[in-house]
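Okay, structure first, notes after.
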Amino acid sequence: SLFRFPRSFSNMVKWKISEKKIKQLQTIINQGSDQTGFIVKFKADTEVKSPELLNVKTQEHIRFTDFTMQPEDVIVVSTYENQKYVRLIRDGVETNIFNFMDDDSTFYKKKKGENTIRYGASLNESNLFVTLNFETTYVGV
């Protein structure tokens with residue numbers, strides 16, 4: 001038996017395997033039975049100043065007011081319990097930049113249910129791309 005795709009792909013008709021949607025304001029559903037930490041990655045395509053992630057409802061945030069990202073920089077923040085960190089990846093080198101995070105920033109968690117978040121920057125916001133990953137957690141006996 002031959003393996004076949006259920007659809008014919010042609011170079012004459014446009015088709016796509018995936019699509020990237022950019023939304024600075026997004027509602028994320030935590031379907032678990034408990035709050036959970038997350039990992040957020042900020043990636044700069046050009047120079048970006050003061051990147052931040054904001055929970056719109058609670059106003060909790062992760063912010064780097066006095067920090068300027070260079071092109072291709074990635075900031076990775078983990079808010080998981082016992083695994084909290086703030087790292088900059090620049091030119092393949094990982095550096096702890098916890099000291100650049102604003103004093104009023106928190107390692108907040110995704111609450112159970114809806115979480116509306118917004119990311120932004122004070123300079124070149126349209127050149128900042130953010131991904132957020134989290135695991136659904138369940139509480140049981």
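Can Thr106 be described as crowded, with 17+ Cβ neighbours inside 10 Å, touching a residue at least 40 places away in the same chain (Cβ under 8 Å) and closer than 21 Å to Ile29 by Cα?
On the way: crowded, with 17+ Cβ neighbours inside 10 Å: no; touching a residue at least 40 places away in the same chain (Cβ under 8 Å): yes; closer than 21 Å to Ile29 by Cα: yes.
Taking the combined requirement at face value, the residue does not satisfy it.
Name the residues in the stretch 115-133 that are assigned to a loop (DSSP other than H, G, I, E, B) and among the aliphatic types (A, V, I, L, M), would you? Give the derivation first.
Residues of the stretch 115-133 assigned to a loop (DSSP other than H, G, I, E, B): 121-122, 124.
Once the filter is applied, which keeps residues that are assigned to a loop (DSSP other than H, G, I, E, B) and among the aliphatic types (A, V, I, L, M), the stretch 115-133 yields only Ala121.
Examine the stretch 69-83 for a residue that is closer than 27 Å to Thr136 by Cα, free of Cβ contacts under 8 Å to residues at least 24 places away in the same chain and open to solvent by 60 Å² or more (accessible area, probe 1.4 Å), and state whether such a residue exists. Break it down stepwise before answering.
Going through the stretch 69-83, the residues closer than 27 Å to Thr136 by Cα turn out to be 74-83.
Imposing the further condition that a residue be free of Cβ contacts under 8 Å to residues at least 24 places away in the same chain reduces the set to 82.
The next check asks that each one be open to solvent by 60 Å² or more (accessible area, probe 1.4 Å); those that pass are 82.
Yes, the stretch 69-83 contains at least one residue that is closer than 27 Å to Thr136 by Cα, free of Cβ contacts under 8 Å to residues at least 24 places away in the same chain and open to solvent by 60 Å² or more (accessible area, probe 1.4 Å).
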Item to complete: Examine the stretch 37-51 for a residue that is open to solvent by 20 Å² or more (accessible area, probe 1.4 Å) and within 30 Å of Tyr138 (Cβ to Cβ), and state whether such a residue exists.
Response: yes
Worksheet item: Can you name the condition, by its number, that Thr65 falls short on among (1) assigned to a loop (DSSP other than H, G, I, E, B); (2) polar (S, T, N, Q); (3) surrounded by fewer than 14 Cβ atoms within 10 Å (Cβ to Cβ)?
Response: (3)
Response to the item:
Over the stretch 95-141, the set of residues under 16 Å from the mean Cα position of the chain (by Cα), more than 18 Å from Asp34 (Cα to Cα) and hydroxyl-bearing (Ser, Thr, Tyr) is Ser105, Thr106, Tyr119, Ser126, Thr131
Worksheet item: Here is a list of conditions, (1) modelled with pLDDT under 95; (2) of a type in the set (Ser, Thr, Tyr); (3) open to solvent by less than 70 Å² (accessible area, probe 1.4 Å); (4) closer than 27 Å to Glu135 by Cα, and Ser10 meets all of them except one; can you say which number that is?
Response: (4)
Practice prompt. Run Phe98 past the list (1) open to solvent by 90 Å² or more (accessible area, probe 1.4 Å); (2) modelled with pLDDT of 95 or more; (3) touching a Ser or Thr at 6+ places or on another chain (Cβ under 9 Å) and report the number of the one that doesn't hold.
Written response: (3)
Worksheet item: Does the stretch 17-26 contain any residue that is open to solvent by less than 50 Å² (accessible area, probe 1.4 Å), in a strand (DSSP E or B), within 27 Å of Phe107 (Cβ to Cβ) and at pLDDT 90 or above?
Response: no
Practice prompt. Enumerate the pairs (first residue in the stretch 112-132 and open to solvent by 50 Å² or more (accessible area, probe 1.4 Å); second residue anywhere and of a type in the set (A, V, I, L, M, F, W, C)) with beta-carbon separation below 7 Å, excluding pairs fewer than 6 apart on the same chain, so at least 6 apart or on different chains.
Written response: Glu114/Ile29; Arg118/Leu25; Arg118/Leu54; Arg118/Val56; Leu123/Val48; Asn124/Val48
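The values are calculated or read from the model by the stated rules, or taken from the named source; none is laboratory data. These numbers come from a predicted model, not from an experiment. So basically every Cβ, Gly included, is an ideal-geometry build from the backbone, and we count neighbours across all protein chains shown. Please note that ligands, DNA and RNA were not included when accessible areas were found on the heavy atoms of the full protein model with its side chains. Shrake-Rupley method; radii C 1.70, N 1.55, O 1.52, S 1.80 Å.
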